[in-house]
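**Student:** What follows is a structure written as structure tokens; I'll ask about it next.
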Amino acid sequence: MVREKYQIFLFNYPTGNPIARNAADLRDSLEWFRKTHDPKGRNPKMRRMVVLGHSMGGVISNMQIRDSGENLYRTVFRKSLDELNLDDESRGQIQRLAYFKPNPDIDRTMLLAAPLRGSAFASSRVGRLGA
């Protein structure tokens, strides 16, 4: 029944990558999918994507419907991007990871057991050791 109404697209990501990197890779994959399957933008259903994310997948799915503003960048850097002595490739990577807008093609997002407020495990001894 679900397959009759939806085209399922599965996104796998390496759990060892930073969250921002996986979220950027998902953004790129959704953009590739849209450009590949609806290059002229004529299929209105392509602008009604439903994204389902579980656990950490929920966190990166949530980042598809948010505007980062300066928040993510400011958690890592104190200087502005222009003040950093970076080559163009490094500057582009930082922009790709830290600055993003909501994907207008996503109509609905369902997040299952997503640790959006962090995890109690992160403040445990083992979690602090891992950090």
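The values are calculated or read from the model by the stated rules, or taken from the named source; none is laboratory data. Note that this is a predicted model, so its numbers are computed, not measured. Cβ placement follows ideal geometry from the backbone for every residue including glycine, while neighbour counts extend to all protein chains displayed. Protein only, heavy atoms only, side chains kept; ligands, DNA and RNA dropped before computing areas. Shrake-Rupley method; radii C 1.70, N 1.55, O 1.52, S 1.80 Å.
**Student:** Is there any pair linking a residue in region 56-84 that is more than 20 Å from Glu31 (Cβ to Cβ) to one that is open to solvent by 100 Å² or more (accessible area, probe 1.4 Å) and assigned to a loop (DSSP other than H, G, I, E, B), with Cβ under 9 Å and at least six apart or on different chains, and which?
**Tutor:** Met56/Thr15
**Student:** Can you tell me which of Arg74, Arg27, Arg3 is modelled with pLDDT under 95 and under 24 Å from Arg117 (Cβ atoms)?
**Tutor:** Unique residue meeting the criteria: Arg74.
**Student:** How many residues, within region 53-90, are open to solvent by less than 100 Å² (accessible area, probe 1.4 Å), more than 20 Å from Asn17 (Cβ to Cβ) and part of a helix (DSSP H, G or I)?
**Tutor:** Final tally of qualifying residues: 1.
**Student:** Is it true that Leu116 is within 17 Å of Pro18 (Cβ to Cβ), in contact (Cβ under 8 Å) with a residue 24 or more places away in the chain and open to solvent by 60 Å² or more (accessible area, probe 1.4 Å)?
**Tutor:** Criteria met by Leu116.
**Student:** Can you tell me which condition Ser29 does not meet? The list is (1) closer than 30 Å to Val2 by Cβ; (2) open to solvent by 90 Å² or more (accessible area, probe 1.4 Å); (3) among the hydroxyl-bearing types (Ser, Thr, Tyr); (4) free of Cβ contacts under 8 Å to residues at least 40 places away in the same chain, and all the others hold.
**Tutor:** (2)
**Student:** What residue, of Gly41, Gly16, is assigned to a loop (DSSP other than H, G, I, E, B), among the small types (Gly, Ala, Ser) and loosely packed, with under 11 Cβ neighbours inside 10 Å?
**Tutor:** Step by step, each of Gly41, Gly16 is checked, and only Gly16 is assigned to a loop (DSSP other than H, G, I, E, B), among the small types (Gly, Ala, Ser) and loosely packed, with under 11 Cβ neighbours inside 10 Å.
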